[in-house]
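Chemist: Got a structure for you, written out below as structure tokens; questions coming shortly.
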Amino acid sequence: MTQAPIGPAYPLLQNRTCSNCGLCFHAQFEAHVEEICPFEDDRVSEREVQLHGRSRRLSGDELYFGVFRSMHAARLSTPRPDSQTGGAVSTLLERLLDSGKVEAVLTTRRNPDNTGTPVLVRHAAELAHTGGSRWDLAPILDLVPEVKRQGIRRLAVVGVGCQVSALRAIEAQLGLEKLYVVGLVCTDNMTFANWQRLIKTTSRSPRTVKKLEFMADFRIWFWHENGAIEKVSYFEMPMDKLRGCFPQACLSCFDQTNGLADLSVGYMAADIGWQWFLVRNEQGEALFNLLRDDLEMGRFTDRGNRSEAMKQILRYLGKPAITLPSLLAQLFTWQVEHFGPRGLEFARLAVENKQTRNWYYLKTHRPDKLKKLIPRHVQAILDQYRLK
Ligand code: SF4
């Protein structure tokens with residue numbers, strides 16, 4: 001296993017909108033940042049035609065989730081310990097390495113303090129610490145030159161949307177025989193310090209939190225060392241103490257569902273305990289088929305109507321988020337959990353919520369980026385709400 005050396009610190013790139021994907025740690029890529037960086041231009045629209053054979057439909061679920069051939073709710077028949085949402089991605093990587101379909105996997109290793117380190121894994125046994133929660137965005141593309149140096153020809157990469165977008169921009173330069181891209185669905189990420197701030201201000205026992213997740217039941221879940229799960233309503237989170245937590249990059253992102261991956265995996269549209277798979281192209285199908293025997297297939301829930309929630313979200317756009325008193329937050333959470341958007345409708349709401357928030361952020365903070373970064377499909381969502 002090759003692990004990334006400590007690259008330049010993230011703040012050095014703060015004069016740019018940057019998610020620390022790692023490519024700019026290398027002069028040959030930094031020199032072309034305007035052509036490769038996902039925060040310089042919308043790279044998804046054009047590239048999805050090349051990768052998936054067509055652009056996404058501007059109606060139905062492709063408007064929110066991107067091009068897909070099939071969509072599945074599934075989970076590993078035998079869940080893996082230490083995984084984030086069941087462990088299907090780790091098992092898939094194991095299958096890829098064991099079958100020889102790839103020679104290496106570029107992913108992130110979880111450190112004991114829950115930070116991540118980019119790693120180039122050559123043997124399935126080394127995947128033991130690559131699943132589960134990580135409280136930062138590790139610069140996986142820092143290891144791209146190492147892929148070339150080691151003469152790797154068949155590679156799998158696991159990354160969030162901005163990492164995948166940057167990778168796709170330089171894919172041709174890698175001269176690979178085969179590249180499989182597993183995309184993680186990602187709505188917001190933070191620096192390690194800001195995750196710590198969130199944990200300290202939100203959990204009743206910050207020191208024992210070992211994993212956390214924003215869940216589709218409108219609560220953040222904290223898993224503690226003693227096995228207890230603490231659930232805190234989104235509506236009672238101390239928003240005044242969390243201002244400025246989300247980096248400029250996440251506020252400028254319009255690719256939450258990872259539209260340039262072959263196979264996207266996340267939790268958003270699936271019921272709790274299940275995973276959501278979006279098969280985007282032929283390679284994505286091959287990846288999903290490799291995993292099929294390990295999976296128990298489920299069904300999607302699709303309930304509720306996001307329009308009332310979106311009305312409220314748009315009403316408070318740009319205003320400081322409110323924290324409800326605990327009892328009121330519990331009641332409200334119970335109500336939206338039982339009668340509000342759920343399953344696929346929750347995922348559509350999550351995408352619209354982030355995309356309208358991010359549109360507003362660019363409009364008010366980076367109007368110079370507005371035209372460049374908003375893809376046609378996001379404009380179609382904005383048009384539905386008459387946002388100009
Ligand atoms: Fe460079 Fe990646 Fe940061 Fe963009 S996101 S500026 S490509 S390191």
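Chemist: Name the residue that is modelled with the lowest pLDDT, counting only residues in the range 301-330 that are in contact with a Pro (Cβ under 8 Å, 6 or more places away or on another chain) and assigned to a loop (DSSP other than H, G, I, E, B).
Modeler: Thr323
Chemist: Can you spot a residue in the range 131-145 that is within 16 Å of the ligand (Cβ to nearest atom), assigned to a helix (DSSP H, G or I) and more than 23 Å from the chain's Cα centre (by Cα)?
Modeler: Filtering the range 131-145 for residues within 16 Å of the ligand (Cβ to nearest atom) gives 136-145.
Those still in the list that are assigned to a helix (DSSP H, G or I) too: 140-145.
Those left that are additionally more than 23 Å from the chain's Cα centre (by Cα): 145.
Yes, that holds for at least one residue.
Chemist: Might you let me know whether the range 20-29 holds any residue that is in contact with an Asp or Glu (Cβ under 8 Å, 6 or more places away or on another chain), within 12 Å of the ligand (Cβ to nearest atom), closer than 24 Å to Met268 by Cα and not basic (Lys, Arg)?
Modeler: no
Chemist: Can you find a residue that is more than 16 Å from the chain's Cα centre (by Cα), acidic (Asp, Glu), surrounded by 15 or more Cβ atoms within 10 Å (Cβ to Cβ) and over 22 Å from Ile272 (Cα atoms) anywhere in the range 173-185?
Modeler: no
Chemist: Next question. Determine which member of the set Leu198, Leu127, Leu212, Leu155 is closer than 23 Å to Val33 by Cβ and either at pLDDT below 95 or of a type in the set (A, V, I, L, M, F, W, C) (or both).
Modeler: Criteria check complete, one pass: Leu155.
Chemist: From the set of residues in the range 148-165 that are in contact with a helix residue (DSSP H, G or I) (Cβ under 7 Å, 6 or more places away or on another chain) and within 16 Å of the ligand (Cβ to nearest atom), which is nearest to Gln283 (Cα to Cα)? Give the derivation first.
Modeler: Of all residues in the range 148-165, those in contact with a helix residue (DSSP H, G or I) (Cβ under 7 Å, 6 or more places away or on another chain) come to 148, 155-159, 162-163, 165.
If we keep only those that are within 16 Å of the ligand (Cβ to nearest atom) too, we end up with 157, 159, 162-163, 165.
Numbers: Val157: 13, Gly159: 16, Cys162: 20, Gln163: 19, Ser165: 17 Å.
So, considering only residues that are in contact with a helix residue (DSSP H, G or I) (Cβ under 7 Å, 6 or more places away or on another chain) and within 16 Å of the ligand (Cβ to nearest atom), the one nearest to Gln283 (Cα to Cα) is Val157.
Chemist: Looking only at the range 98-118, which residues are modelled with pLDDT under 95 and of a type outside the set (S, T, N, Q)?
Modeler: Result: Arg109, Arg110, Pro112, Asp113, Gly116.
Chemist: Another question about this same structure. Note down all Cβ pairs under 9 Å where the first residue falls in the range 153-169 and is without any contact (Cβ under 8 Å) to a residue 40 or more places away in the chain and basic (Lys, Arg), the second is more than 9 Å from the ligand (Cβ to nearest atom) and part of a helix (DSSP H, G or I), and they're at least six residues apart or on different chains.
Modeler: No pair meets every condition.
Chemist: Quickly run through the range 335-369 and pick out the residues that are surrounded by 13 or more Cβ atoms within 10 Å (Cβ to Cβ) and of a type in the set (A, V, I, L, M, F, W, C).
Modeler: The answer is Val336, Leu344, Phe346, Ala347, Leu349, Ala350, Val351, Trp359, Leu362.
Chemist: Okay, next question. Within the range 204-221, is there a residue that is in a strand (DSSP E or B), over 23 Å from Leu331 (Cα atoms), among the aliphatic types (A, V, I, L, M) and in contact with a strand residue (DSSP E or B) (Cβ under 7 Å, 6 or more places away or on another chain)?
Modeler: Yes, the range 204-221 contains a residue that is in a strand (DSSP E or B), over 23 Å from Leu331 (Cα atoms), among the aliphatic types (A, V, I, L, M) and in contact with a strand residue (DSSP E or B) (Cβ under 7 Å, 6 or more places away or on another chain).
The values are calculated or read from the model by the stated rules, or taken from the named source; none is laboratory data. Computed from a predicted model, the values in this text were never measured in an experiment. Cβ coordinates were reconstructed from backbone atoms using ideal geometry, including for glycine residues, and neighbour counts include every protein chain displayed.
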